[in-house]
1. Limited to the stretch 448-462, what total is found for residues that are part of a loop (DSSP other than H, G, I, E, B) and open to solvent by 50 Å² or more (accessible area, probe 1.4 Å)?
2. Output the number of the condition that Asp219 fails; it satisfies all remaining conditions of (1) more than 16 Å from the ligand (Cβ to nearest atom); (2) closer than 30 Å to Pro405 by Cα; (3) without any contact (Cβ under 8 Å) to a residue 12 or more places away in the chain.
3. With respect to the numbered conditions (1) within 20 Å of Thr333 (Cβ to Cβ); (2) more than 16 Å from the ligand (Cβ to nearest atom), which one is the sole condition not fulfilled by Leu129?
4. Out of the residues in the stretch 239-271 meeting the condition of being within 16 Å of the ligand (Cβ to nearest atom) and out of contact with any strand residue (DSSP E or B) (no Cβ under 7 Å at 6 or more places or on another chain), tell me which one is most open to solvent (accessible area, probe 1.4 Å).
5. Tally the residues that are surrounded by fewer than 19 Cβ atoms within 10 Å (Cβ to Cβ) and among the aliphatic types (A, V, I, L, M), restricting the search to the stretch 69-91.
6. Name the residues in the stretch 345-361 that are out of contact with any helix residue (DSSP H, G or I) (no Cβ under 7 Å at 6 or more places or on another chain), open to solvent by less than 30 Å² (accessible area, probe 1.4 Å) and not basic (Lys, Arg), would you?
7. List the number of the failed condition for Asp301; all other conditions in (1) within 11 Å of the ligand (Cβ to nearest atom); (2) on the phi < 0 side of the Ramachandran plot hold.
8. What are the pairs, 6+ residues apart or on separate chains, where a residue within the stretch 255-284 that is within 21 Å of Gly157 (Cα to Cα) has its Cβ under 7 Å from a residue that is within 11 Å of the ligand (Cβ to nearest atom) and charged (D, E, K, R)?
Amino acid sequence: MGKEAERPFEPDAAIIIEALNDYYERSVAGEGPVVRQPPMSKLAADMELSTLIQEGGLTGEKLSRFIDQYLSALTRIYHPANIAHQQAVPHYMAALAGLVDNFVSSDGSIYELGAASVTIEYVLINWLLEKVGWTPAPLNPQQATGYTYGGGILTNGGSLANLTALIAARTRLAPEVWRDGNPGNLAILAPAGAHYSIARAAGIMGLGHRSVYPLEVDDWGVILPDRLQDAWARVEADGKRVVALIANAGTTAAGLYDPLRETGAFCRERGLWFHIDAAHGGPALLTNKYRHLMDGAELADSLAMNMHKLGRVTAFCTVLLVREARSLDEAFTQEASYLFYEKEQPGYDFLHRTIECTKPVLGLKLFMVLAAMGEAGLGHYVEQQFDLTAQAYEYLQALPDFFCPVEPQSNILCFQAKAAGDTPLAMRDRLLARGKTYVSSAVLNGQRCLRLTLNNPATTLDDIINLVREIREIGAGNSALDCRDG
Ligand SMILES: Cc1ncc(COP(=O)(O)O)c(C=O)c1O
């Protein structure tokens, strides 16, 4: 087979890099709408999608035109007023890692397909195991005796990590299920308001949503440790066996931390599998100032942490950790003669720990970002985002026309604008239409609020001040309309 006829990689890459640099600089400078949603038909035409598919030849001028059109209709992740979702604002090194990954098309599951990529993922898992307070796995697992160490796997997202952890927990409780199917008496305990991936996992595992028993929580969705016993008693009374009890380290709505030590102690006393969904707030472990929020994490059996939220890397990059490597190694038992067989090799295969077969390399970008910033640098970034959120809270609380229902613990802040004259959803729509600030919304204690997620190193308190100004402007417009109508 010959080489591809034309392969102007370097000039095309230069076009892309120039376009990306321009996009970055304009975004960080706060230029242009942070969010723009032209009609899809117009976009398809502007990007000349059908023509390009038919004619090919995406290079040089055509490539330049296409990439400009493409970037112009994206939500500007680097824009300081992009403060809506738990979506990482990536370090540029993540993009370079993506380039390498996509160029070399390595694999993250089998050593012989990617010795370097698998090694990086193995080392990253060990690095995080130590942060939790668990024992890292030996670099030569073949020579290890006994299962006295932790383990993990990098997954395509927190949903998949939660599902994987719950499967491992079920295998520990009822190993026969893998062969015989569910017995119909399995239950999961999770805080009311846990991320929907938990109920979804119960559905996928064939347990059904109704097998998820809610743990009692306070008004803001945080586990009440003195009510754990009641939930447990309800499950027992129904004749069910608990696969796992789940706590949040960072609730999705408000970024609040469950009391991990008390919850963990409760699970330990009863021999329950304790899973921490730290998809959002796990990186507090990298800080000095906020590490206490993760106090008790070492009591868990498994913990999932999304590095594509607070880890400065693009989706996906979730690290699922288990205290005992054996539990993950035994989670799935499968036969595939072309892949699973006893073999002597100088490294590790992750294949038996994953739901997928082919697995993209997820660790290179995290490693390269970490190695560029250093772990203290990444920890400092997390601290800064939490600090800024605390400042934003104090600022909003001091205003007569704004109100935050709960004090933030991480980088998510929920608030109400009292006199804006719009429901939070209507206000969000107006903000979206203006395109100057991108915020999200969530329901807390039965009330919908506007919600900020401060992930962006370019965001400062001035952006929150601007948001307040904008909401007031919209509110003033509303009351002028009210007067006219009246
Ligand atoms: C607490 C929590 N768990 C799990 C998830 C799901 O993660 P992913 O979107 O990576 O599947 C999220 C996502 O927002 C989350 O906040």
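The values are calculated or read from the model by the stated rules, or taken from the named source; none is laboratory data. Every value quoted in this text rests on a predicted model; they were computed, and no experiment measured them. Every residue, glycine among them, receives a Cβ derived from its backbone with ideal geometry; neighbour counts consider all protein chains shown. The protein model used for the area step is the full one, side chains on, heavy atoms only, and it has no ligands, DNA or RNA in it. Shrake-Rupley method; radii C 1.70, N 1.55, O 1.52, S 1.80 Å.
1. Of the residues in that region, 2 qualify.
2. The one condition Asp219 does not meet is (3).
3. (1)
4. If we take residues in the stretch 239-271 being within 16 Å of the ligand (Cβ to nearest atom) and out of contact with any strand residue (DSSP E or B) (no Cβ under 7 Å at 6 or more places or on another chain), then Thr252 is most open to solvent (accessible area, probe 1.4 Å).
5. The number of residues fulfilling the criteria is 3.
6. Correct list: Leu351, Thr354.
7. Going through (1) within 11 Å of the ligand (Cβ to nearest atom); (2) on the phi < 0 side of the Ramachandran plot one by one, Asp301 breaks only (1).
8. Correct list of pairs: Ala279/Lys309; His280/Lys309.
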